[in-house]
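Participant: Handing you a structure now.
Read-outs: derived from the displayed coordinates by stated rules, not from any lab. Computed from a predicted model, the values in this text were never measured in an experiment. Cβ placement follows ideal geometry from the backbone for every residue including glycine, while neighbour counts extend to all protein chains displayed.
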Amino acid sequence: MNKEHELVVKPLKKWFESQKAQWVVKIPDYVTAATGWDLEVQRKNQDLLIEAKYIKGPFINSFAGLTCAVLSNRPQKLLKTKYRSWNHGVCWAIGTSYVSRDVYQILFDYLSRNFEFWIYYGKYFKMKYVFFVQDGAVIKVPWPKLVITAKKYKQLTMADTSLKNKRVVAQKLMSKF
C-alpha cells in the first residue's frame, strides 16, 4: 500500500461511511495499478469522483496531478451502462504531513493567480469539493467557496508578502471550514 491510499483514501472512506447519508463507496481493487478514480462515492442523485494526492515533496507535482485528473477521461466504475452519470461531481482529496496552514497558503497562491480560470475550471469539470485529510480528520470545502476564499486571501496579502504572514492569513481564512 502506498501513503496516498493509507493516509488519504482510507480516512476519507471512513468519513463517508460515518455520514448520515448512505454512501456506496468504491475503491479500486489494485491501488498502485488502478486506472480509475482513487475513490468513488454514490448516493441518490449524487456521484462524487475523487482524485487523491498525498503531498510529501514538491507541491507543484501533486497539484498538476489533481488539475489534470479530470482530463484523463476515466470511466466511472460504479456505473454499468454509462460512461459517467448525469449528476457526477469531481473532487480533490489532499493529504499531507506538512502543517495544514502551509498547504492552504500554497494552494491559495496558485488559485489566486487567475480566478477566472479556476471559476470556469470548476464549472466546466463539475468540481464539487476539496477534501483536506490530515491525521484521519477530514475537512470538506465546496469548490466555489475555496475560490472565493483564495480571492480574499489575495486581497489580504497584497500589502504584506512575507511567507509567515501569508500562512497565518491562510490559516485564519480556512478556520471557518
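Participant: Given the pairs Lys13/Lys123; Lys44/Lys172; Lys53/Lys128; Lys128/Lys151; Lys10/Lys140; Lys20/Lys172, which span a C-alpha to C-alpha distance of over 23 angstrom in this model?
Facilitator: Exceeds cut-off: Lys13/Lys123; Lys44/Lys172; Lys20/Lys172.
Participant: Let me ask you something else. Using R₀ = 41 Å, calculate the FRET efficiency as 1/(1 + (r/R₀)^6) where r is the Cβ-Cβ separation of Ala137 and Met158; round to 0.05.
Facilitator: 0.85
Participant: Considering amide H positions built from the backbone, and no H for Pro or chain starts, which residues 5 or more places from Val90, or on another chain, come under 5 Å of its amide H?
Facilitator: It is Leu49, Met127, Lys128, by chain and number.
Participant: Right, another one. Sort 141-150, 87-96, 13-22 by the packing proxy (mean of other Cβ within 10 Å over each peptide's residues), most packed first.
Facilitator: Sorting 141-150, 87-96, 13-22 by mean packing, highest first, produces 87-96, 141-150, 13-22.
Participant: Could you give the nm distance between label points at Gln22 and Phe177, where each point is 7 Å from its Cα heading toward the beta carbon?
Facilitator: 3.0
Participant: If the chain between Gln46 and Tyr121 were fully stretched, how many nm would it gain, using 0.36 nm times the residue separation less the Cα-Cα distance?
Facilitator: 25.0 nm
Participant: So, one more: If you line up the long axis of helix 115-124 against the longest principal axis of the chain, both from Cα atoms, how many degrees apart are they, to the nearest 10?
Facilitator: Once rounded, the angle reads 10 degrees.
Participant: Still on this structure: Please order Val41, Val24, Val138 by the number of other Cβ within 10 Å, starting at the fewest.
Facilitator: Val24, Val138, Val41
Participant: A further question follows. Over the Cα atoms of the chain, compute the convex hull volume and normalise it per residue, giving Å³.
Facilitator: Roughly 117 Å³ of hull volume per residue.
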